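K.L.:
Below you will find the structure I want to go over with you.
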Amino acid sequence: MKKYLSFFRIRLINGLQYRAAAWAGVVTQFTWGGLTLLMFWAFYQNGQNIFPMTFSELSSYIWLQQALLALYMAWYFDNDIFDTITSGNISYELCRPVDIYTMWFTKNMAVRLSRALLRSMPILIVAVFLPKPFNISPPASVLSGLLFLISMILGFLVLIAFSMLIYISTFYTMSPLGIRILVTSVVELLAGGIIPIPFFPQSLQTIINVLPFASMQNTPFLIYNGYFEGNDILLSMLLQIGWVITLMLLGRVLMRKALRKVVIHGG
Amino acid sequence: MIELKNISKTFRVAKRNAGLREAVKALFKKEYTEIRALDNVSFKIFDGEMVGYIGPNGAGKSSTIKIMSGILTPDSGECIINGRVPWKERIAHVKEIGVVFGQRNQLFWDVPVVDSFELIKDIYKVNEVQFRKSLSELTELLDIGEVIRTPARQLSLGQRMRCEIAASLLHNPKVLFLDEPTIGLDAVSKIAVRNFIKTINKERGTTVILTTHDMQDIEALTERILLIGKGKILLDGTLNDLKKRNSTNKTLVVDYRGARIGEIEGASVIKELDGHAELLVDTTVLPVSQAISLISSKVDVKDISVIGATAEEMVVSLYREFQI
Amino acid sequence: MKLYLKYASIILRCQLQYKVSFLMSTIGQFLVAFSTFLGVYFMFNRFGSVNGFTYTEVLLCFAIMLTSFSLAECFVRGFDAFSGIISNGEFDRIMVRPRNEIFQVLASRIEFSRIGRLFQAIALFMYAIPKSGVLWSVDKIITLALMLLGGFFVFSGLFIIYATLCFFTTEGLEFMNIFTDGTREFGKYPLSIYGEGILKFLTYVVPVALFQYYPFLYLIGRTDNILYMLAPVAGIAFIVPCLIFWKIGVRHYKSTGS
């Protein structure tokens, strides 16, 4: 545990070194969020009655999305890990006294967390003071705030467990390119990264909601802004737990298989 | 003809401190330090000369090369190369120079080297006849006739370096700057590169300016040496000047039985261990014969030998002398 | 020009050395653009129109944006990737060669896989051009061509600004994404939907609206004002201050060497 913490600390210091990059990131994401809201505002003028949520709820969703981008962006991958696999250096990793799955999992967590930590606060603070209905509102209740936090962590785990599968797939394909590209485009869409899932056509929503992608950013954000209520919260969080367990188990099994192959074929 | 007069250059570098607190502080405020990279540098190099430009890392070697190749503008001073100010008439100037940056790559990675050569031919507007002539000459001298049909990524470092050098000479420049051309090369390639540089200097009359850390390069190639340290030219002379300057110092290697030799006036002990000692003797104070008899009076000498300094040691002692 | 083609042929051969990777990035470019399209499709599926613009009109606008961006990204990639060119010392090499620096930067990087996005744009055009209700008279065709050209130059100008900033700092240039990627993403809708303030900013500061919103109004017949049709010409002129800025950057580089 200690080694993961120190790794996290190094990442954080590393991130802080680049002050201009941090500020620029905040400005970029803030502008991005603002323009997204203005775009939705234009559609809102057109049909308030067919808007799937209140505009204030949407604002909360978008600002959380921008603030926590580093946690949930699907396109980020650690190139070192891909290189380790494709170059065959994985054999050296096997010699270390750590579990590779856990190591890669925490490494991904650390990188994303340290980034999010640096950038989320300024975005959220400014977003609070924006004029209504473009500001981020507090969670509906203390309870939903608490549930949001739990769901946020669960969603984060789902995303990382899923990206672990992408890393592991490289053992079989030996080229990360194809699958990465597919993931960046498809996951972004299905996770609600391009437009929130409630804006999808109704028929599609029923399918998309049970896919693991909806359990990433979609669930915590919709709990926070109050779109999910009562049973919806419970069900969606249970689904999140289900996906975390499934994806992690799947990842570990595939990893063990892949590593056995590596050991037999010598990389 | 290359002439530098009182060239000076100062850089501003951001400070960066360790630790989380310092990193947070740096988010809001940054501190800078000024570094004087070149301080009144002056020298002349005549056509057809071959000059070794040496000095420790960060002494100002590459800044000088950059100024002479027109990439960098100095703060003050004059630099005239073949009648032009490099940074003012960049395009006309660079037509007449060739630059080899060691450890950098100008060849396209994935196509045969000769394709990169063809492109360079068009960039420099070399005519077909000249290009063919130049190419066959260079490939023969550098022994890369076979190599240039393969993509650069498949070449060894030595092969690639030779191709790099060829690429920088296709347009037959009057002046060639070589920035550490032998770094990382195996012995065979080193010798090939050295022989080539010698030939090109003699036969084409190309002026060669060579920076290097490898004293064997200097010994094999250059008559004249420019030593730079902390942005100042410390020495401008021949290898022989350097040797003469150092010939007052001799190293005595002694194997003996008995107690330690201890202090001797006019000599300093470099190392002494288990009956083996090396002493640096300043012959102006203490002639070698006297030193030997002094030592024999102190210990029971088994074997003794006198060594003049190698180029490498001379440079190290020069560095020490100038405290750089 | 001959030299540029020579560069292009070498770069193409280099990129084709890695056929799978090349194909994959091309497909990837297509897919990323496609999921953006789906986002637009879903929104119109629900709302029907936005700010008085119909689905096909918006698709036309989207296609124009995508085309000019991907062309700029393909041919002006050298400026987009300029931080790398500086940090690996390639720019020093460029400086010791007897050719114009801008030409060499342009010629040293051509990203052919960006054509993937262009395929998406072409598909959109094929759908939107007949369905948009625009009567394709000569002036409309000229307008369309001017929009594409204007877009290409404005994006190129933005890439050049980004590259020039690399001379001064290596950090914090991420904010330039707002103008390049941001324009591509948000410019799929006519810019007026973001409100008066944004439209003004994108007219007078970063002249995106000059090749997008104003000529677009002419294209879909909302205005007969010939000035709206010719607005992209002013967009093309944006390249001039960008090039001046570049010159200043090169001078700075020559005085710091890093």
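The values are calculated or read from the model by the stated rules, or taken from the named source; none is laboratory data. This is a predicted model, so every value here is computed, not measured. Counting neighbours? That spans all protein chains shown, and the Cβs are built from the backbone with ideal geometry, glycine included.
K.L.:
Quick one: is C:Ile122 closer than 22 Å to C:Gly187 by Cβ, surrounded by fewer than 20 Cβ atoms within 10 Å (Cβ to Cβ), of a type in the set (Val, Ile, Thr) and at pLDDT 95 or above?
P.N.:
Spelling it out, it is not the case that C:Ile122 is closer than 22 Å to C:Gly187 by Cβ, surrounded by fewer than 20 Cβ atoms within 10 Å (Cβ to Cβ), of a type in the set (Val, Ile, Thr) and at pLDDT 95 or above.
K.L.:
Now for a separate question. Can you tell which of C:Thr143, C:Thr170 is among the hydroxyl-bearing types (Ser, Thr, Tyr), touching a residue at least 40 places away in the same chain (Cβ under 8 Å) and either on the phi > 0 side of the Ramachandran plot or not in a helix (DSSP H, G or I) (or both)?
P.N.:
The unique qualifying residue is C:Thr170.
K.L.:
Across segment B:174-221, what is the total count of residues that are part of a loop (DSSP other than H, G, I, E, B) and in contact with a helix residue (DSSP H, G or I) (Cβ under 7 Å, 6 or more places away or on another chain)?
P.N.:
Within segment B:174-221, residues that are part of a loop (DSSP other than H, G, I, E, B) and in contact with a helix residue (DSSP H, G or I) (Cβ under 7 Å, 6 or more places away or on another chain) number 7.
K.L.:
What number goes with the only condition from (1) surrounded by 18 or more Cβ atoms within 10 Å (Cβ to Cβ); (2) over 24 Å from the mean Cα position of the chain (by Cα) that B:Glu89 does not pass?
P.N.:
Checking B:Glu89 against (1) surrounded by 18 or more Cβ atoms within 10 Å (Cβ to Cβ); (2) over 24 Å from the mean Cα position of the chain (by Cα), the one that fails is (1).
K.L.:
As an exercise: evaluate B:Leu72 against (1) within 21 Å of C:Phe167 (Cα to Cα); (2) at pLDDT below 85; (3) not polar (S, T, N, Q) and give the number of the one condition it does not meet.
P.N.:
(2)
K.L.:
What number of residues in segment B:126-165 are more than 16 Å from B:Asp115 (Cα to Cα) and aliphatic (A, V, I, L, M)?
P.N.:
So the count comes out to 5.
K.L.:
Looking at segment A:195-217, which of the residues that are within 11 Å of chain C (Cβ to nearest Cβ), surrounded by 22 or more Cβ atoms within 10 Å (Cβ to Cβ) and of a type outside the set (Phe, Trp, Tyr) is farthest from A:Ser60 (Cα to Cα)?
P.N.:
A:Ile197
K.L.:
Which helices (runs of 4 or more DSSP H) does segment A:160-267 wholly contain that include 3 or more residues that are touching a residue at least 60 places away in the same chain (Cβ under 8 Å)?
P.N.:
It comes to A:177-190, A:218-224, A:231-265.
K.L.:
Answer yes if at least one residue in segment A:82-101 is within 14 Å of chain C (Cβ to nearest Cβ) and in a helix (DSSP H, G or I), and no otherwise.
P.N.:
yes
K.L.:
Could you go through segment A:56-78 and let me know if any residue there is at pLDDT below 95 and more than 29 Å from C:Lys188 (Cα to Cα).
P.N.:
Yes.
K.L.:
Need the failing condition index for C:Gly28 against (1) at pLDDT below 90; (2) over 22 Å from the mean Cα position of the chain (by Cα), just the number.
P.N.:
Of everything listed in (1) at pLDDT below 90; (2) over 22 Å from the mean Cα position of the chain (by Cα), C:Gly28 misses just condition (2).
K.L.:
What is the one condition in (1) within 14 Å of chain C (Cβ to nearest Cβ); (2) not in a helix (DSSP H, G or I) that A:Leu130 does not satisfy?
P.N.:
Here A:Leu130 clears every test but (1).
K.L.:
Follow-up question, since we're still on this one. Could you please give the count of residues in segment B:84-103 that are assigned to a loop (DSSP other than H, G, I, E, B) and touching a residue at least 24 places away in the same chain (Cβ under 8 Å)?
P.N.:
Qualifying residue count, segment B:84-103: 4.
K.L.:
Suppose we filter segment C:1-18 for residues that are surrounded by fewer than 17 Cβ atoms within 10 Å (Cβ to Cβ) and within 14 Å of chain A (Cβ to nearest Cβ); how many remain?
P.N.:
1
K.L.:
Give me a count of the residues in segment C:43-62 that are more than 14 Å from every other protein chain (Cβ to nearest Cβ) and either surrounded by fewer than 22 Cβ atoms within 10 Å (Cβ to Cβ) or on the phi > 0 side of the Ramachandran plot (or both).
P.N.:
The total comes to 1.
K.L.:
Residues that are out of contact with any helix residue (DSSP H, G or I) (no Cβ under 7 Å at 6 or more places or on another chain) and either among the polar types (S, T, N, Q) or within 22 Å of C:Glu174 (Cβ to Cβ) (or both): does segment C:61-73 have at least one?
P.N.:
no
K.L.:
Separate question: Do we have any residue at all in segment C:19-30 that's away from every other protein chain (no Cβ under 11 Å), surrounded by fewer than 21 Cβ atoms within 10 Å (Cβ to Cβ), charged (D, E, K, R) and farther than 24 Å from A:Phe200 by Cβ?
P.N.:
Scanning segment C:19-30 turns up at least one residue that is away from every other protein chain (no Cβ under 11 Å), surrounded by fewer than 21 Cβ atoms within 10 Å (Cβ to Cβ), charged (D, E, K, R) and farther than 24 Å from A:Phe200 by Cβ.
K.L.:
With the condition kept exactly as written, say whether any residue in segment A:160-178 is in contact with a helix residue (DSSP H, G or I) (Cβ under 8 Å, 6 or more places away or on another chain), aromatic (Phe, Trp, Tyr) and within 14 Å of chain C (Cβ to nearest Cβ).
P.N.:
Scanning segment A:160-178 turns up no residue that is in contact with a helix residue (DSSP H, G or I) (Cβ under 8 Å, 6 or more places away or on another chain), aromatic (Phe, Trp, Tyr) and within 14 Å of chain C (Cβ to nearest Cβ).
K.L.:
Right, here's the next one. In this structure, does C:Met1 turn out to be among the aliphatic types (A, V, I, L, M) and modelled with pLDDT under 90?
P.N.:
yes
K.L.:
Helices (runs of 4 or more DSSP H) wholly in segment A:16-77 with at least 1 residues that are within 8 Å of chain C (Cβ to nearest Cβ) - which ones?
P.N.:
Helices (runs of 4 or more DSSP H) meeting the threshold: A:19-46.
K.L.:
On to the next question. Just the residues that are modelled with pLDDT under 80 and either closer than 16 Å to B:Asp300 by Cβ or touching a Ser or Thr at 6+ places or on another chain (Cβ under 6 Å) (or both), please, taken from segment B:251-263.
P.N.:
B:Gly258, B:Ala259, B:Arg260, B:Ile261, B:Gly262
K.L.:
Oh, and also: Is it the case that B:Ser136 is at pLDDT 90 or above and either surrounded by fewer than 19 Cβ atoms within 10 Å (Cβ to Cβ) or in a helix (DSSP H, G or I) (or both)?
P.N.:
yes
K.L.:
So which residues in segment B:110-123 are under 18 Å from C:Phe91 (Cβ atoms) and facing chain C (nearest Cβ under 7 Å), if there are any at all?
P.N.:
Scanning segment B:110-123 gives B:Leu119, B:Ile123.
Quick grid of which residues meet (1) more than 12 Å from chain B (Cβ to nearest Cβ); (2) in a loop (DSSP other than H, G, I, E, B); (3) more than 14 Å from the chain's Cα centre (by Cα):
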site: C:Ile64; (1), (2), (3): yes, no, no
site: C:Ala72; (1), (2), (3): yes, no, no
site: C:Phe91; (1), (2), (3): no, no, yes
site: C:Phe103; (1), (2), (3): no, no, yes
site: C:Leu106; (1), (2), (3): yes, no, yes
site: C:Leu118; (1), (2), (3): yes, no, no
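K.L.:
Please state which of the following conditions A:Ile181 fails to meet, knowing it meets all the rest: (1) at the interface with chain C (Cβ under 10 Å from one of its Cβ atoms); (2) crowded, with 21+ Cβ neighbours inside 10 Å; (3) over 22 Å from A:Leu254 (Cβ atoms); (4) over 15 Å from the mean Cα position of the chain (by Cα).
P.N.:
(3)
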